[in-house]
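Here the structure is laid out as structure tokens; the discussion comes afterwards.
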Amino acid sequence: MSLSQAPMITVEEALASVDRVKVAPRAETVPLPQALGRVLAGNLVSRIAMPPFDKSAMDGYACRGADPSPAFRIVEMIPAGGAPKRALKPGECAKIMTGGMLPRGADRVVRRELAVEEDGVARFTGADDSPNICYKGEDVKPGDVVLRKGVLLRPQEIGILASMGAAEVDVYERPAVAVIATGSEIVPPGRPLGPGRIYDSNSFSLSAQVERAGGLVKARRRAADTPAEIRRAIATALESCQLVLVSGGVSAGDLDFVPAVLRDLGVRLAFEKVAVQPGKPTVFGTRGGALVFGVPGNPVSTFVIFEVFIRPALFRMMGHAWKPTTVTGRLTRAIARRNTARAAFIPVRIEGDAVDRPEYHGSAHIHALSAANGLLYIPQDEEGFPAGSRVHVRLL
């Protein structure tokens, strides 16, 4: 079946088709410093209380709250990390630093701003409504699930893991990804351009998108527009990679060999055409446990199709249910289109509440992406939005 004969499905149908494919993420153990951006492979259950003891939330004086003494003898100074030497008696207090462990008998910390200290005696000059204590286990108790399986580990989760004493972390493996740019016209950056040639941007932008999402680019190749060269590149990639991304060669032209090569290699194609702009001739299929995407060669199409279809699939292969971050804003100018047969993703820039469209000449205009920080979705059969419309922007 040629591309022109393939049925065109909606964005929602394409996403559902990709999501139906079963994946089996595999776990590995990595040192904590290498866990950033990885996905937790099991629940983190705390073995300790946090805080592990009653501690001061302020610099001040630990005392008995019900002690009516007019002045308090300072019996010791307790720094963070130090242990109290004795329990407090009536008329006594301990000078204590933020994070210091409360001595026995103390149930209140008076802030240093509300005290006057002289000759080893503290007098309190005002009432402190708060006990200024972080109580043992008020954040986490032993047995609590602190982080759940499938969470993406950001810097804040790395801090939580460290606070639990985790020197190593069970995370899902990074999928091995092959990126193949097809086209006899493409030239590696750094070489001179001959007549009719262009530099290969797609393999670099796709690889960067994969790496930013947490995948492992195992191979990056170029293939000329011949069935033999495209077949050789894809066949090699399928031997060692769980995700294969092919840019170019997916449309209905005389030199668009990718869909036929994929079928010949045993890739079961789920779809070959999506009602989306840019990116209509997007191809998706599977062979064994490998996922294969063929994306159009125009660089904006390549970029957008990765963000919409490939990024969620890649995260799912890493055990994480990723969802795009969306914000709302108001259009500064109208966005309209004549052809409504496909849904559209338009590069836009949102600053505060204002959403504007950078200069954009179409799917070959890769420079428009550097001026954009989001994508505006226009559903199928809708002409666009008038100026002042409140719209949802998918952040990039």
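What follows is calculated from the coordinates using simple rules that are stated; it is not laboratory data. Quick caveat: nothing in here was measured; it's all calculated off a predicted structure. When we count neighbours, we look across all protein chains shown, and the Cβ atoms used for this are built from the backbone with ideal geometry, even at glycine.
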Under the 7 Å Cα-to-Cβ spin-label approximation, residue 321 and residue 236 lie apart by a distance in nanometres of 4.0
Based on the mean of other Cβ atoms within 10 Å per residue, sort peptides 32-39, 79-86, 288-295 so the most packed one is first.
288-295, 32-39, 79-86
With 0.36 nm assigned to each residue of separation and the Cα-Cα distance removed, residue 98 to residue 138 gains 12.7 nm
Using just the helices of the chain, give the 222 nm mean residue ellipticity in deg cm²/dmol: DSSP H runs with n ≥ 4 each add -39,500 (n - 2.57), and the total is spread over all residues, rounded to 500.
-5000 deg cm²/dmol
Computed on Cα atoms, the radius of gyration and Dmax of the stretch 326-395 in angstrom are 11.2, 32
Quick one: what does P(r) look like for the stretch 215-316 with 5 Å bins over all Cα pairs, in whole %?
2, 13, 26, 28, 22, 8, 1, 0
Sorted on mean Cβ neighbours within 10 Å (highest first), peptides 302-314, 214-226 come out as 302-314, 214-226
Could you order peptides 326-339, 162-175 by the average number of other Cβ atoms within 10 Å of their residues, highest first?
162-175, 326-339
Debye-sum result for the stretch 55-134 in log10 I(q)/I(0), which assumes one identical scatterer on each alpha carbon, at q = 0.15 Å⁻¹
-0.40
Please build a GNM for the chain, connecting alpha carbons under 10 Å apart, and tell me which residue among 234, 96, 378 fluctuates the most.
96
Where the centre of each part is set by its Cα atoms, how far does the stretch 217-257 sit from the stretch 108-138, in angstrom?
70
Sites residue 395 and residue 48, calculated FRET efficiency, Cβ-Cβ separation with R0 25 Å, nearest 0.05
0.10
Using alpha carbon centers only, the stretch 319-374 is separated from the stretch 11-87 by a whole-angstrom value of 39
Semi-axis lengths, Å, the stretch 1-87, gyration tensor of Cα atoms, sqrt of 5 times eigenvalues:
63, 18, 11
Between residue 212 and residue 85, what FRET efficiency comes out of the Förster formula 1/(1 + (r/R0)^6) with R0 = 56 Å and r the beta carbon distance, rounded to 0.05?
0.60
Segment residue 373-residue 387, length gained on full extension (0.36 nm per residue, minus Cα span):
3.1 nm
Could you list, bin by bin from short to long, the percent of Cα-Cα pairs of the chain in 10 Å steps?
5, 18, 21, 17, 12, 10, 9, 6, 2, 0
Provide the gained length on full extension for the span residue 228 to residue 114, in nm with one decimal, where the gain is 0.36 nm per separating residue minus the Cα-Cα distance.
32.9 nm
